[in-house]
Each structure stands twice: as structure tokens, then as C-alpha cells.
Amino acid sequence: VNALISGIAARAVFIEGATVTYVDLDSPDDFIAVHHADIGNILADASDVVEIQSTDRDEVLCKLEELWSKDRALRMLQLALDDDEELIPEAVEFLDDLLQKDTADWVLNLALSWPLPGTPRLDIITPCKRKYASAWECIEKVADLQESIAHVRTAWEEIDLGMFHNSLQRVQMESVAVTDGLFRKFVEAHAGRTNWNEAALASYMKLQSYKNSRAIVQAWEHNIGLQRTKSIIEYVTLDLSEEEDFIDKEEQAVPVGAWEAYQRVKRAQEGIIDRLKRGEVSTAKKFAVNLVQEQLAEGNAQHASKTLCSLAQEAKKRGYTSLQLEWVQHATIIAPDDAWAFAQTGDVLLNLYRLAEADSYFAQAAQKGDKHYGSIGHARVLKKSNKLEEALAAFRQAQEDFPDHPEAYRAWAGIGEVFRDMDRPEEALEIYSKAVQLFPNEDVLWCGRAATMKDLGELDRALSAYQEAIIHFPNTIHAWAGTADIYKELGELEIALSRYDDVIARFPTEAIGYCGRADVLREQGNFEDALTVYAKAIDKFGFDPSPYSGRAETLRDWGRLDEALEAYSCAVNRFPYEPYLRNGRANLIKFMGDLQLALQAYDQNVRDFPYSLFALTGRANLLKELGKYQEALNAYDDIVAKRAEYKAARYAKAAVLTIMGRVEEAKALLPEGEPRTKDEWVAYHIRGMIHLRAGELEQALDIFTHGLLRVQFRKQRAYFHTALAAAKLSQNQYKEALNYVKDQDGPVANLLEMHSAAALGQHELAMECYTNLLDDPRENVLVLSEEIARRFGLAKSAPLHSENWILEKEAEIVLALAA
Amino acid sequence: VRLAGSAEESEALTERLRNAEISATAAGYQDILIDFGNAVLASKAVIARTLAAIQDLLDDAKANYTTYHHQLQAQARVPNEGFDKVRTQIEAALHPNFHQEIRYAALTLGNKWLHSYGKFAMILRTEMIENRATLFEENPSIFATRHQILINQSLPVGYRSTWQDRNKLAQAKCYSKLSAKTERVEYPNILMQDSQVDFGEDYVEVHIYGAFNRHSIERVIGPEPKRGADKLLWRSLKKSCEAAGVSVESTK
């Protein structure tokens, strides 16, 4: 369905895939976008909804005007026949006007189906009968025929209910009898105004598709009490001959050879794809409708469904998700037994986060024959809804149920992905390694294995794995892009840049190469070129949210913060269902120092994406930074309650417990052994901070030094720089402390740099740091910087606390802001 | 009402409210949050409908406001498999064994209603519904999508309340839209977002158990129609309202 219209509601609803808009007849230029879940409510009262296979605005509005005129003409007639003297003259006037729009038959069909409850006030209407002749003719007819209307109505009501298949059939037959004018014909015949045979014939013809219709019409005729002049046999003969005529016409279609038909469909598909490539979506849609109608006319619903599914894949490649959904859903309607069409619809809905609907389509795909894809689909739905244990069980079940299926690797890949989501990279690596041996021809498994090695911080191994994948699958973009990404992570930015150039050259129709290259340029501080590449990516791949967020981040790094915020806001408006864009925007607001607004942004993200642990963690981290430790602790507990193995929240909670002096509880949350993943390096850093706060300097320094030397992840490396500076300050080794933080950014590094420089007598540098911190929105940072200023004579007043107090507060802030 | 007022629901809602208070305190707008809650205590239930549907209810003293499910039962409506299936399943999850008896409205402050559901609106008399109405976070279909709830799963607790606790639900839901700069005049738009202003409706849904008729309507509101026939219908409706003791208000 492309459009739903209702004259009663005076409204048209346009449904194009995932996009729903409506327009009211009163304001035909205002298209209002609504949520797809509201479709049922938008026309809730309307009993005259008509479905139209067209999105042509003018055509739909024209049909809407027609339906509105019919409905309002009937309502004007009701008012004209009512007893309100004040309203009757105007009702007659409007009725006359509306009857000029071909509504007379519709109005009379309905008006002659039910008798009036009272006597019409013809004395008021009669004076304007010449001026409003059409209205008068209609009103007079209804008034004159009241007796016959009542008689025919009673005759219908008296038909034995047992003659109908069920009560629904009675309602449906009555509806047809009213709207198609059968009541009206019998009424007119009863009043002697038309031929009785004609009324009976029309009834048999219009109601023939209903069970026992002939006996029902006979009973109605009998109750009315008029005699036909033709026998029932004559009707039946006439009936059949018309049907035969219809069959003859169908058979006149010229048969087309299979090869010729195939070539014609192929050419038509190429034409549609070409339109999609040029961005001419509405033309592509029209061509697709024509092609499908042609295939259906040839009696080939399965082929038509396949055509739509294939075109839907082309729409997907170009980011037309809504069109993709429209086409696959259309395929399920024209070929209700085509399991593949249902599976494809499930896929699209899954990507749109409409999980319940996706699950339902996957279940139907399974019922209709594709049990494997249905099972995998269900597992994917569970994974996407963060029910990871259930997802794991579902993938394992699929693995067990379909060991020899040609696509059995999907279950293995699914298990690997769930383990990665669960922060269980060792198990993920194990399953990928086995799967690669069992299904060596599946690139997704090779790339999944390499990505897991990266998760584990084994960057050299990951690089080799990606390079191996390239040898086996030179046409797999993820292998090439994965290699480039590892070089970036290793800090080999020139090599990474050259690898991303390779990706762009090999896969020019994919956004990933452009975004990767731009990201490396950003890392190099070449913001201008990075923005140019992102702009090109947005131009080429406007449907992909990645270049939008990359552009915003580049503007942020360049210090053009207002523009960055504007860029994020545009991206959020364009992709309202992407939680990471919303979190990026909230992070930027935090970075800009408006912590209240940032908290509001995180809160809104938590409400809009309650399943997103990033949103919850963002809020909890901000509470921690604001020094609301108990509240932050509760927030982390909520996250851990949702997913116990979510390490980011678990370790951040350990940091808060450390600040609060609950060291043993904190230690229990931290892992033992050599860290590997990013989260484990954060935990390692916290462990070092526990030693530092306990005065165990040697152990703390061992951990921080080891971390600085071994960690491969840049952000985590920065944590060890500030931790080492804090440790050196506690040993009064100010020069070493300064060296650790002088090239670092952020308020923590600034504080430690201020302290070191001030202690070394570098007052100019210390003042510069102090000035930078004056606008910091965190109260604890401000209080500490003022105390350092007092302690080292940068401010006039005397210090309020001891030097030890400063060291303790520095350690607290390192934990609150860095961990 | 018993479900919404259960200890489990009530505790979960209190926990959500506590989170709202933490954010409000951290961001310095705790007074606004309290004031917003107080304002919501004066909110009403509103139902948006077509002119014809409201007229039918007002013209007939015996007519009851009908539900979607009763329309189906009476065969006055044919279900739309695509759009209505999920809706029915979620309603059944919300109101096990009695979802067919629920009438749906939205919580409003002032003269706001959801235009996509109908160009005209009926504000209900609080005293006629307060003992049989509960509140739910939002449109249940959107809630299910937002929370990624699958059909065979139960709904999370803490997202509904009794009529008397509607302020708490509104505070727990809307706190992220408040700030230290929020003024009272903004409250109606914070409580109910209409698609004519921003994409997608967002509102607190009112679930009313059992039938009601025109005597439960306090006020009818709507815009002065632009077309002649509709203007006459509006005049006719105003007369019906007058006869039934219901006030009428024209909006722009």
C-alpha cells in the first residue's frame, strides 16, 4: 500500500517503506512525518479508508477530495433532513454544491438504505427548491420513498440469520448492498419507479461471491414481496456467460517465450538500477511497479517477488533503506509463500531496530520453509536486543540443528560476534579459529578472527591475520580496511594512509575507505584535508552516518567547537535512530564544558535508547566527573545489573570505589594477570592507582611504567602518562612529572603540569595552566587548582590545605576523570 | 489500577524518579522538576478524534465511546494485519485478559492534543475516570520498539502509574527535557509532543478501564474549519455540546 485515504478524516496517509507522512485536505502542503507505529491511530475513526497504490501527491489528493465530498454530502443531507431549523438552509446549500461533484449516486445509495427517524422539515426546504434544484431533488426523493425504504430494510432484517455463513458475512453483504445501491434499487422498484428485474439482477451479480448468496437474495426478494418477470435460470445463464467472456479475455494474452521474458525482465531491472544510481528514486519506483505488474499479469508471482527482493538489495547498497523495506514487503504480499521474501523483510526491519516485527518475519520465513535463515534471524534479533545469553543459546541451537546446511557458518559467525559483544574475546577467538578451519571459504570468519585479535590487543597477530585474509579474499573490503586500521592503531599513520588509499582504489563505492583515510588525517592533525575527505564521503555516501560523525569529531579536534556541535546536530536530525551519533553529541557538549547540558543530553539518550549501555555509561561517567560518587556508583550498578560482564562499567565502578576508600571491593572487581584489551588496561591503571593512594609507590610505579611500555592503545597510554606524573609528584620529582604530562591534553594533565611547573618555579607555564583551568566546569578541579595556586604563590591568599591534601586530590581526579 | 499500583511497579517507578532527581540536582534544576510534577497533578486526559466521531458520541445520550476491539467484535472494522497485529499483542501484554476493555487517551496540560489522532479533541472529566485510569510511559508500540521488547516477553516495570501518581511518571519520563532555564509555559509541550511541532508524537498514555459516554466529556476543542460543509458540522457539534452541557473551545 502506498497511500491510505479517508473522506471522513479528510486525510491521506503516505507509506513509503519505513517513512510515514500524512496530509490533511485543509492544508494540502503540510506533510507531517509520524512514527510507523502510529499508522493504526491516524485513521482510527475512519470507516471509509481506501488503499491506493500510488504516491503521486496530486492523484491521491484528488481521490481524497472525492471521498471527502461524498462523506460531507451525506452529512449535509442528514442535517437537511434533521429538525434544526437554523442549520437546514445552509445544509441544503452545501449539499447542492457537493452534489455537483458526482456524489449523488453515493448519497442516494446510502440515504435510501435506512429509514429516517423523524419527519423531514420540507416546509423549510421547499422555498429554496429552485435555487438548489439538485439538493431538492435528492431530499424530495428520500422523503417520498420513506415507506419503501422502511419496507425493504425490514425485509433485509427478516432474512433468517442461519442462511448466512456467519455474522461477519451478513455484515459484509449488507455493506455491499448499501454502498453498491442494491437497497436503493429495491426501494425504487418497490415504489414502482424502476424495473424489479433490474434490481434483482444487480443483487445476484454483486453478491454472487458470497456463500449461499442466491438463496439469500431470493429470501430478501420474497420478504419484500414483489414478483420477478424473469426466472432465476435466466440470471444464472447471464451470470455464467459474463464469466466466460472474462475468461476469454484473459486467454487472449499473447504467450511469451521464457528466454525472451527473462531478457526483458533483466533489461528492465538494469534500467531500474540505473535510475537508483542516478538518485531518481521515484522513477525507479514507477518502473519497478510496472515491471512487477507485468510479471503478475503473466501469472508469475514468484518471479515478481524475486525481482522485488533483488531490487531491494540494490536499494540497500545505495542506502535507500525505506525503499528497500517497501519492496521486500511488497514481495511478501504478492508471494505470501516466498520464505526468502519474508527473511529479507526480517533483515531490513532488524536494521531499522524494529525487532518485534523482524522476529515475526523471521518466524514466518521459517514456517514457509527457510528454517535455517529463520533460526539465525531469531538469534540475530536476540543479539540486537542485548539478550546475549539467549542469543548465544539460539546460535548454538542453529549450529546443532543445521550442521550440514550450505550456510552453516552463519551460526559460528554469530557465536563469535556474541562472544565479542560479551567481552569474552578469548572464547570468540577460539570459535573463530575452529570455524575458519571448518569453513575456510567464508571471509566473515577470517575477518572476525582478526578483529578479535585486535580486541585482545594482539595487534601484530591481527595484522598478519588480516593480511592472510587478503590473500584468500582479495575482494573483501573488511580485510583491507582491517589492515589499514591496525596500522593506524599501531601509530604507523603514513602506512595506514597508504593502505586506506588502496581501499579507496579497490572499493570506490564503499564509504569505509574514505572515512578511514579521513580519520588518519585527523590523527595527523591535518584537519583541513580530513574535512575535505569527509565532505567527499558525505557527498558520495550521504546515507551513511559514519562520515557525518567523523566530520563533527574533526571540527572538535580542530577547536571549531560550535561548528562541531552544528555538525552533530545535523547528523542527529538526519539519523535519529543512531545512538552513537547522539552519544557523540553529548560527549562534545561535555568536552565544551557545559556539564549540565551534557547531563541532559545523556539523560535524553538513556530515555531514547534504553538498551544502549554507551548512553548509560556516558551518564554514569559524567556523574563521576562531577564528584557525585554515590550517584555514579548507583548508575554503574544499574548497568552491571543489565549486563554483568560489561567491563567498562565494572572497572569504572572500581575507580569510584577506590575514590570512596572501599579498596577491597574495588580490588574484587579488577582482573589479575597481564592486561590485553583496552578495558583491561584501564583496570590495570586503576590497580596502580590503588597502590599509589595506599602509599605503595614502588608497586604503583612498576604498574604505570609497565603499562606505558606495553599498552598498544593510545588513549589508554595517556592514562599511564598522567598516573606516572601523579606518582612522581608524590616523590617530589617535579621535572620527571612535568615530562610525563607536558604533551598531554585535558584538565588532569593541565592540573599536574601546573603543579609540577609551579614547584619547579616555572611560574609563567604554571600560570598558563592555571588560566586554562579557570573555566573548568568541575568544582573539584577548580578547588584543587586554586589550592595549588595558593600553595605556590600564584594566588595571593594563603593555602587552606596541606601538600598531602593536594596529592590525594590529584589522585582522586586522575581516577575520576581518566579511569 | 491494581497492576499499576502494585508494589513492584511502584518501587521501580520510585527508582526511576530517584534517577531523575539525581540528574536534576546535579544539573541544578531540582526546583523545576518539583514544580513540573506539581503542574502535572492538574493534568487531564484528552482524546483526539474526528469531528464525526465526537458528534456521534455527543448526539446520542446512550452511545458509549467504543474501543478498537469492540469495533472489531461488532464487525464495524476490519483489522489491518500489518499495522494492528503488534499493537494488539502489546496491549495484551500490558493488560492481560482485559485489554479489550481499555480506552486510550493522552495526558495533557492546557489545550494540547495529538493532531495526528484527530483534528478535534475531547477533554475528559477527571472525576469520571480517576478511579479507573492508569498511566503508561508512551505509545505502547513505540515503547516496545524503544526497549527492544519481543512479543513473547513481559514488559519492564516502572513505566506505569495510577492516576494519582501521574506526576511521578511524568517527572521520571520528562526530566531530561527540563533544565534550569525551563519556564512553566513550556510544561504542556514537554508533557506532550505533537507531530505538528516535532517528528513523532511523545506523550503519557492514559488507559481507562470500562465504558464512558458524553457525560464524561468536560470540553471539546478544535480549530474553526476552513471549508463550508465542515464549518456547518462544527456549528452543529457546538449545538450538540451545548445541549449535553459540554463546553466548546475554538482554537486557531
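The values are calculated or read from the model by the stated rules, or taken from the named source; none is laboratory data. From a predicted model like this one, the values you see are computed outputs, not experimental measurements. Don't worry about glycine lacking a Cβ; one is built from the backbone with ideal geometry, like all the others, and counts go over all protein chains shown.
Counted as qualifying within region A:669-784 are the helices (runs of 4 or more DSSP H) with 2 or more residues that are among the charged types (D, E, K, R), namely A:678-693, A:697-710, A:714-730, A:734-741, A:763-773. Within region B:218-235, is there a residue that is in a strand (DSSP E or B), farther than 14 Å from B:Leu57 by Cβ and within 10 Å of chain A (Cβ to nearest Cβ)? So far as region B:218-235 goes, yes, one or more of its residues are in a strand (DSSP E or B), farther than 14 Å from B:Leu57 by Cβ and within 10 Å of chain A (Cβ to nearest Cβ).
Of the candidates A:Ala601, A:Ala652, the single residue that is within 9 Å of another protein chain (Cβ to nearest Cβ), over 18 Å from B:His147 (Cβ atoms) and part of a helix (DSSP H, G or I) is A:Ala601.
Within region B:53-85, the set of residues being within 26 Å of A:Gln78 (Cα to Cα), modelled with pLDDT under 65 and at the interface with another protein chain (Cβ under 8 Å from one of its Cβ atoms) comprises B:Gln75, B:Ala76, B:Arg77.
Against the condition buried (at least 22 other Cβ atoms within 10 Å of the Cβ), within 13 Å of another protein chain (Cβ to nearest Cβ) and either in a strand (DSSP E or B) or acidic (Asp, Glu) (or both), how does A:Ala33 come out, does it pass? Taking the combined requirement at face value, the residue does not satisfy it. Among the residues of region A:82-92, the ones that are within 21 Å of A:Gly7 (Cα to Cα) and surrounded by 19 or more Cβ atoms within 10 Å (Cβ to Cβ) come to 2 in all.
If only residues of region A:40-68 that are within 17 Å of A:Val107 (Cα to Cα) and buried (at least 23 other Cβ atoms within 10 Å of the Cβ) are counted, the one that is nearest to the other protein chains (Cβ to nearest Cβ) is A:Trp68. Pairs meeting the criteria (first residue in region A:463-491 and within 18 Å of A:Ala511 (Cα to Cα), second residue part of a loop (DSSP other than H, G, I, E, B), beta carbons under 8 Å, at least 6 apart or on different chains) are A:Ile477/A:Phe507; A:Ile477/A:Glu510; A:Ala479/A:Phe473; A:Trp480/A:Phe507.
Per-residue answers, yes or no, for (1) touching a Cys at 6+ places or on another chain (Cβ under 7 Å); (2) part of a helix (DSSP H, G or I); (3) of a type in the set (Gly, Ala, Ser):
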residue: A:Leu497; (1), (2), (3): no, yes, no
residue: A:Ile504; (1), (2), (3): no, yes, no
residue: A:Pro508; (1), (2), (3): no, no, no
residue: A:Ile512; (1), (2), (3): no, yes, no
residue: A:Lys536; (1), (2), (3): no, yes, no
residue: A:Leu555; (1), (2), (3): no, yes, no
residue: A:Gly559; (1), (2), (3): no, no, yes
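Scanning region A:617-629 for residues that are surrounded by fewer than 23 Cβ atoms within 10 Å (Cβ to Cβ) and without any contact (Cβ under 8 Å) to a residue 24 or more places away in the chain yields a single hit, A:Lys628. Put simply, of A:Gln313, A:Gln263, A:Gln293 the only residue that is at pLDDT below 85, surrounded by fewer than 17 Cβ atoms within 10 Å (Cβ to Cβ) and closer than 15 Å to A:Ala331 by Cβ is A:Gln293. Among the residues of region A:654-674, none is identified as crowded, with 24+ Cβ neighbours inside 10 Å and at pLDDT below 95.
Residues checked against (1) more than 19 Å from A:Pro89 (Cβ to Cβ); (2) assigned to a helix (DSSP H, G or I):
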position	(1), (2)
A:Lys101	yes, no
A:Asn109	yes, yes
A:Pro115	yes, no
A:Asp123	no, yes
A:Pro127	no, yes
A:Lys131	no, no
A:Ser148	yes, yes
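A:Glu578 fulfils the conditions (1) at the interface with chain B (Cβ under 9 Å from one of its Cβ atoms); (2) within 18 Å of the chain's Cα centre (by Cα); (3) buried (at least 18 other Cβ atoms within 10 Å of the Cβ); (4) of a type outside the set (A, V, I, L, M) except for a single criterion, (1). Applying the criterion of being more than 20 Å from A:Asp421 (Cα to Cα) and buried (at least 18 other Cβ atoms within 10 Å of the Cβ) to the residues of region A:605-616, the residue that is farthest from the other protein chains (Cβ to nearest Cβ) is A:Asn605. Restricting A:Leu800, A:Leu815, A:Leu807, A:Leu784 to those that are surrounded by fewer than 17 Cβ atoms within 10 Å (Cβ to Cβ) and not aromatic (Phe, Trp, Tyr) reduces the list to A:Leu800. Just one residue in the set A:Lys796, A:Lys742 is without any contact (Cβ under 8 Å) to a residue 12 or more places away in the chain, among the charged types (D, E, K, R) and in contact with a helix residue (DSSP H, G or I) (Cβ under 7 Å, 6 or more places away or on another chain); that residue is A:Lys742.
Just give me the residues in region A:117-135 being under 55 Å from the mean Cα position of the chain (by Cα) and at pLDDT 90 or above, in sequence order. Hits for region A:117-135 are A:Tyr132, A:Ser134, A:Ala135. Among what's in region A:617-629 and is at the interface with chain B (Cβ under 9 Å from one of its Cβ atoms), over 27 Å from the mean Cα position of the chain (by Cα) and part of a helix (DSSP H, G or I), pick the residue that is farthest from B:Ala26 (Cα to Cα). Restricting to residues being at the interface with chain B (Cβ under 9 Å from one of its Cβ atoms), over 27 Å from the mean Cα position of the chain (by Cα) and part of a helix (DSSP H, G or I), the top hit is A:Leu622. Contact map, region A:535-562: first residue more than 16 Å from A:Ile589 (Cα to Cα) and in contact (Cβ under 8 Å) with a residue 40 or more places away in the chain, second residue surrounded by 22 or more Cβ atoms within 10 Å (Cβ to Cβ) and not hydrophobic (A, V, I, L, M, F, W, C), Cβ cut-off under 7 Å, separation 6 or more or different chains; pairs are A:Phe541/A:Pro547. Checked against (1) touching a helix residue (DSSP H, G or I) at 6+ places or on another chain (Cβ under 7 Å); (2) within 14 Å of chain B (Cβ to nearest Cβ), A:Glu563 passes all but a single condition, namely (2). Selection over region A:318-355 of residues that are aliphatic (A, V, I, L, M), in a helix (DSSP H, G or I), touching a helix residue (DSSP H, G or I) at 6+ places or on another chain (Cβ under 8 Å) and surrounded by fewer than 23 Cβ atoms within 10 Å (Cβ to Cβ) gives a count of 3. Region B:120-180 holds helices (runs of 4 or more DSSP H) entirely within its bounds, and those carrying 2 or more residues that are of a type in the set (S, T, N, Q), buried (at least 17 other Cβ atoms within 10 Å of the Cβ) and at the interface with another protein chain (Cβ under 9 Å from one of its Cβ atoms) map to B:140-146. For region A:101-155, the candidate set comprises residues that are touching a residue at least 60 places away in the same chain (Cβ under 8 Å) and of a type in the set (A, V, I, L, M); within that set, the residue that is surrounded by the fewest Cβ atoms within 10 Å (Cβ to Cβ) is A:Ala143.
Per-residue answers, yes or no, for (1) within 14 Å of chain B (Cβ to nearest Cβ); (2) farther than 27 Å from B:Thr88 by Cβ; (3) not aromatic (Phe, Trp, Tyr):
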{"site": "A:Gln367", "(1), (2), (3)": "no, no, yes"}
{"site": "A:Arg380", "(1), (2), (3)": "yes, no, yes"}
{"site": "A:Ser385", "(1), (2), (3)": "yes, no, yes"}
{"site": "A:Arg396", "(1), (2), (3)": "no, yes, yes"}
{"site": "A:Asp401", "(1), (2), (3)": "no, yes, yes"}
{"site": "A:Tyr409", "(1), (2), (3)": "no, yes, no"}
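Among the residues of region A:12-23, at least one is in a loop (DSSP other than H, G, I, E, B), away from chain B (no Cβ under 12 Å) and in contact (Cβ under 8 Å) with a residue 24 or more places away in the chain.
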